[in-house]
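The values are calculated or read from the model by the stated rules, or taken from the named source; none is laboratory data. Just so it is clear, the structure is predicted and the values come from calculations on it, not from any experiment. Cβ placement follows ideal geometry from the backbone for every residue including glycine, while neighbour counts extend to all protein chains displayed.
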Amino acid sequence: MAMSDCDHIHSRPPALAALLVLVLSLIPGTALAQDDDDPAAEDETVDTSSWRCRLCPFETGWSGSITAGGGYVSEDSFEFGDYTGLEEEGAYPILGGELRYRGENAGYLDLSADNLGLESRSARIEGGRQGSYRLYLEYDSLPHYIADDAQTVFYGARTGSSNLTLPSDWVRGDTTADMTTLDGSLRDVDIEQEREAIGLGAGIKQGDNWRYNLDFRRFTQEGNRVQGGNFLLRSALLVVPVDYVTEQMDASVGYVTDRWQMELAYHGSFFTNNDESVSWDNPYASVTDGDDRGRMSTPPDNSFNQLLLSGAWRPEGGWLSTSARVAYGRMEQNEDFLPATINPAISSPASSRDSLEGRVDTLTANARARAVPWKPLSITGEVYYDERDNRTPRDKYVQIMTDQYIADTRTNKPYGFEKTGASLDADYRLLRRLTLSAGASREDYERTFQEVERTRTDEYSLGLRAGPWANLQLRLRQTREEREAAGDYETLEVMPAENPRLRKYHLADRVRDVTSANLSWSPSAWASIGVSADYAEDDYEESDIGLTGATDMTYGLDVSLVPAEGMTAYAFVSQQRIESDIGGRDNVSGAVWSAELNDNIRSVGIGGEVRDILRDGLDLGLDLTYTRSRGETDVDKRGIAPPFPDLKSDLRSIGLFTRYEVSETTDLRLDYRFEQYRTEDFYYDEVEPDTISNVLTLGRESPDYDVHVIGLSARYRF
Amino acid sequence: MARILVAVMALGVMVTLGVVSAQDDGASGDETAMPPYTRTGADTCLKCHDETSEFPVLSIFRTPHATVGDEKTPFAGLQCEACHGPGGEHGKRVRFGQERPPIPAFGDNSIWSTDRENEICLDCHRGSERMHWEASTHRRYDLGCADCHEVHDTHDPVTVTAEQTQVCLDCHVEQRSAVNQASSHPIRAGKMDCSACHQPHGALTEAMLSKPTVNETCFGCHAEKRGPVLWEHAPVTEDCTLCHRPHGSNHPALLTKRPPLLCQECHSRAGHPSIGRTGADLPSGRASGFLLTGSCTNCHSQVHGSNHPSGSNLSR
């Protein structure tokens, strides 16, 4: 699609528009500060002299509850315990509670704690005076259990060291089969992380209009992860340490009135990695002098500072509402470079700089307005601008490939982009229960150092929202999106050569059709049914190498019932099918191949809760869910290749609870949960540490488990 | 499949237009006259709405809306009718067999529109989080505050991390299968809620994200991937969702698909990147490291970028 000069996105019109909206927000501010449309004015006419609220049971003083008990997990399973902390067989404590205080002068204090006996524990305390100020302190722990069946030959992996060494009797080999001491050197290592977050903050309301907020959060992430470390085409999967700290600060001041509001905010994020690199012994036989060890970088310390200015303006009468936000940020990174190699046989090349002095300036601006020129019609317009202005200096760097040999000299590519877009949507209420919609949008996307300098995406949509009966709502929407490159697709010049027919899917010409339908029906006061279907089809019409087509179909059925007082029930079915077609050709001019990927995921669930079953104070609840996932990989290459097995996972879950109110202050709760998980993953199954000749793996298998959990707890309320 | 859906939609449109036209009475609930207020305020309401009634309401006195000492709370003003509207008609005596007039707002068969009900909430709750409500997608689809919030209870599920997702999934059925997939954020475990990334009260960003961009949203928890670094991977700097499905995936690390095919969507250089891997590369065959375990990432493990001077091919 041809573009004229006036289309050039450097003009930043949306950014200016966003600023204009903000300025407009300020102009009427002084006039509208004395807003005479305050609903309270209407209230003043109401005679409330005899409104005593004698029957109102206002709450003051202390109240709360304590929950305590114990449970038992029937089997060790990292997969089951992931994020919940129930990864080990055996007993576990159940401990939590809440404490509330309400004072006569709107003072309050809330304290809550959950899962105190588990790695997934959390706690929060908040207090203040309602309507005036608040202070809070919170803590949260999130365990992430990744694998409990990994084995490694490297010392240091189990202690979280960034210096991984081989046993003294290690026999290096050209292949993993030649590593004759491998079996005797393997040691179990758990792959796991724990993320802890501590947050504190305060909020103040001053008068009717001013708002101040200050929040600080500190995340620590500790543990390990799997990362490949290679020497040319021979690799070992390493267990490398994770020791991250991220500190975030948010501060804002806002001014709010009925008709307009503004907010100025600051966001700061500061990342620190306590490991600057990972070094490891080369388990393979030497290829070049001095290639006994390798060293790789870890994510460097970095920071992000951002200022955000937001505003909204809503003139009287509701015919127009506008809001906008402009955010200017700066990402910086200047960690000292590691040496180009640690190979003592290769003299490290001179470098023009010791650190990157990396800097990216970001500017995003969004403005949206909704107008109702006359009652049946509403129009929503939007403009936006998103820029990644990468000011990182470019330099030449001699590449010492995998600490083994001197390769070429390369210049870094600090990627940047500018994205400019606008959209217009109209809703026309043709009848009281029928609204027709139409919309159009355009986005120009300009990138640096990539195969396509600029793409343009146009989107058109039609929709309908209807309620043919009061208890039935229907939504239909059809969208077409067309993306085209504004110039030629210029394959980057690299060695070895890239296939000139390749079209990277985020740069390629594409037509996307999206159809969505939703129906919500309440056949009676006690039943509601929701049905939805979404279908998206992508056609990369100019691509034959790379992603050539994709479809994504999702449908779902959701039923909620309240068949009787104190009784609720639900059922759902959802299915998603994702298909992708990929084309390829060996070595640019060799055998042509095509791949078709299908992911099928189906979830079904049914459950409910009954209160006062059999006797007063006895409640019962049940949840049954089943999720079935299948991944099909079909690669057609000369028609003779053996097929891939399916990727499979089946998760069956039963949850059952009963709660009995022993007295007005005490109730007992019995929980039972069973989960069965079955997986097949050909990427990992049957891959022992020495199965692949040039990759020393951790021998992990895809997880299976059958875990029963039972818990008994008592809650005391006061 | 698309043609079938479009045909079904077209049929649905025609049927709907016909039925809606037949059903439409042209009236709007908001056009009805303002009823009077009750004579004694909440005392009038609570004579019927005690804990034994069909619609018990007393739990509201444990919530911020009925806090003693806060002059902004509804119970410091028009009490129940501050939110529900004038209840004079609803609360008056009715003859035997006569249907009781509905309360104007937030009740069964209420006569005020969703917009008008929402305005009641926004009169007080007009902080920065709701600055962009009016032109938001939720507002456009006539979503009401009471569709998600239970203000009469101290326990409002949509404000509780472990329970919020169920409220959202009632409408966002397409995400239900995603959160149950093999790889997902800790949503099913109740340790992460939708509002960790999304701003349901309105945002100017795509998918109502809280942060200005997709990547800034992800960097909130994954700051180690923010950089900038010396050797960047172009799609990483643009949009995390080019390779990841944030709501859940059938593949590890929320990837849209597995390497090597994921990588081969963008890389087809002569040599190993271009080779189509088949079942012959499984352990039963030649057990290729270009396919199994991490595939491409067995060597190119710095897919999010490298700050190593010799890391241009993302392996250091």
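Of note:
- Which numbered condition A:Cys56 fails, given (1) at pLDDT below 95; (2) surrounded by fewer than 17 Cβ atoms within 10 Å (Cβ to Cβ); (3) assigned to a loop (DSSP other than H, G, I, E, B): (2)
- Of all residues in the stretch B:128-137, at least one satisfies being in contact (Cβ under 8 Å) with a residue 12 or more places away in the chain, part of a helix (DSSP H, G or I) and surrounded by 20 or more Cβ atoms within 10 Å (Cβ to Cβ).
- In this structure, A:Asp110 does not satisfy being within 9 Å of chain B (Cβ to nearest Cβ), over 30 Å from A:Pro689 (Cα atoms) and of a type in the set (D, E, K, R).
- Taken together, A:Gly631, A:Gly639 contain a single residue that is closer than 30 Å to B:Ile275 by Cα, assigned to a loop (DSSP other than H, G, I, E, B) and within 13 Å of chain B (Cβ to nearest Cβ), which is A:Gly639.
- For A:Glu451, the test of being in contact (Cβ under 8 Å) with a residue 12 or more places away in the chain, among the charged types (D, E, K, R) and either outside any strand (DSSP E or B) or surrounded by 21 or more Cβ atoms within 10 Å (Cβ to Cβ) (or both) is passed.
- The sole residue among B:Asp147, B:Asp115 that is of a type outside the set (S, T, N, Q), under 29 Å from A:Asp534 (Cα atoms), part of a helix (DSSP H, G or I) and within 14 Å of the chain's Cα centre (by Cα) is B:Asp147.
- Test: residue in the stretch A:343-358 that is buried (at least 21 other Cβ atoms within 10 Å of the Cβ) and more than 9 Å from every other protein chain (Cβ to nearest Cβ): yes
- When residues of the stretch A:126-147 are limited to those that are in contact with a Pro (Cβ under 9 Å, 6 or more places away or on another chain) and within 10 Å of A:Ile191 (Cα to Cα), the one farthest from the other protein chains (Cβ to nearest Cβ): A:Ala147
- Verdict on A:Ala536 being under 30 Å from B:Ser274 (Cβ atoms), in contact (Cβ under 8 Å) with a residue 24 or more places away in the chain and not in a strand (DSSP E or B): no
- Verdict on A:Pro349 being in a strand (DSSP E or B), over 35 Å from the mean Cα position of the chain (by Cα) and not aromatic (Phe, Trp, Tyr): no
- Any hit, the stretch B:293-310, residues being under 30 Å from A:Asp301 (Cα atoms), more than 8 Å from chain A (Cβ to nearest Cβ), surrounded by 23 or more Cβ atoms within 10 Å (Cβ to Cβ) and small (Gly, Ala, Ser): yes
- Set side by side, the residues A:Gly228, A:Gly223 differ, and just one is modelled with pLDDT of 95 or more, out of contact with any Asp or Glu (no Cβ under 9 Å at 6 or more places or on another chain) and surrounded by 18 or more Cβ atoms within 10 Å (Cβ to Cβ), which is A:Gly228.
- Within the stretch A:670-686, if we keep just the residues that are more than 30 Å from the chain's Cα centre (by Cα) and without any contact (Cβ under 8 Å) to a residue 40 or more places away in the chain, the residue that is farthest from B:Thr293 (Cα to Cα) turns out to be A:Tyr672.
- Taking the numbered list (1) under 18 Å from A:Gln576 (Cα atoms); (2) out of contact with any His (no Cβ under 8 Å at 6 or more places or on another chain); (3) buried (at least 21 other Cβ atoms within 10 Å of the Cβ) in turn, B:Asp170 passes all entries but (3).
- For A:Asp361, the test of being among the acidic types (Asp, Glu) and in contact with a helix residue (DSSP H, G or I) (Cβ under 8 Å, 6 or more places away or on another chain) is failed.
- When B:Gly285, B:Gly220 are checked against the criterion of being among the small types (Gly, Ala, Ser) and either more than 8 Å from chain A (Cβ to nearest Cβ) or in contact with a Pro (Cβ under 8 Å, 6 or more places away or on another chain) (or both), a single residue qualifies: B:Gly285.
- Residues in the stretch B:197-216 that are closer than 20 Å to B:Cys243 by Cβ, at pLDDT 95 or above and either touching a helix residue (DSSP H, G or I) at 6+ places or on another chain (Cβ under 8 Å) or polar (S, T, N, Q) (or both): 6 in all.
- Top-ranked residue of the stretch A:379-397 - restricted to ones that are more than 33 Å from the chain's Cα centre (by Cα) and not in a loop (DSSP other than H, G, I, E, B), ranked as farthest from the other protein chains (Cβ to nearest Cβ): A:Lys396
- Test: A:Gln306 is crowded, with 23+ Cβ neighbours inside 10 Å and within 9 Å of chain B (Cβ to nearest Cβ): no
- Which numbered condition B:Asp70 fails, given (1) farther than 19 Å from B:Asp156 by Cα; (2) surrounded by 16 or more Cβ atoms within 10 Å (Cβ to Cβ); (3) more than 10 Å from chain A (Cβ to nearest Cβ): (3)
- Filter pass, B:Thr38 being touching an Asp or Glu at 6+ places or on another chain (Cβ under 8 Å), polar (S, T, N, Q) and crowded, with 20+ Cβ neighbours inside 10 Å: yes
- In summary, A:Asn518 fulfils each of the numbered conditions (1) touching a residue at least 12 places away in the same chain (Cβ under 8 Å); (2) not in a strand (DSSP E or B) with the single exception of condition (2).
Residue-by-condition table, conditions (1) within 25 Å of A:Thr627 (Cβ to Cβ); (2) at the interface with chain B (Cβ under 9 Å from one of its Cβ atoms):
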position	(1), (2)
A:Lys504	no, yes
A:Ala525	no, yes
A:Gly530	yes, yes
A:Ala533	yes, yes
A:Val562	no, no
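- Among (1) outside any strand (DSSP E or B); (2) aliphatic (A, V, I, L, M); (3) under 24 Å from B:Arg245 (Cα atoms), the one test that A:Val588 misses: (3)
- The set of residues from the stretch A:266-312 being under 28 Å from A:Asp250 (Cβ atoms) and outside any strand (DSSP E or B) comprises A:Asn274, A:Asp275, A:Thr298, A:Pro299, A:Pro300, A:Asp301.
- Comparison of B:Ala280, B:Ala234 shows that the only residue that is within 7 Å of chain A (Cβ to nearest Cβ), among the aliphatic types (A, V, I, L, M) and either closer than 23 Å to A:Leu507 by Cβ or touching a helix residue (DSSP H, G or I) at 6+ places or on another chain (Cβ under 9 Å) (or both) is B:Ala234.
- Residue satisfying all of: in the stretch B:237-273; of a type in the set (D, E, K, R) and facing chain A (nearest Cβ under 7 Å); surrounded by the most Cβ atoms within 10 Å (Cβ to Cβ) among these: B:Glu265
- Test: A:Ser461 is surrounded by 15 or more Cβ atoms within 10 Å (Cβ to Cβ), assigned to a strand (DSSP E or B) and within 12 Å of chain B (Cβ to nearest Cβ): no
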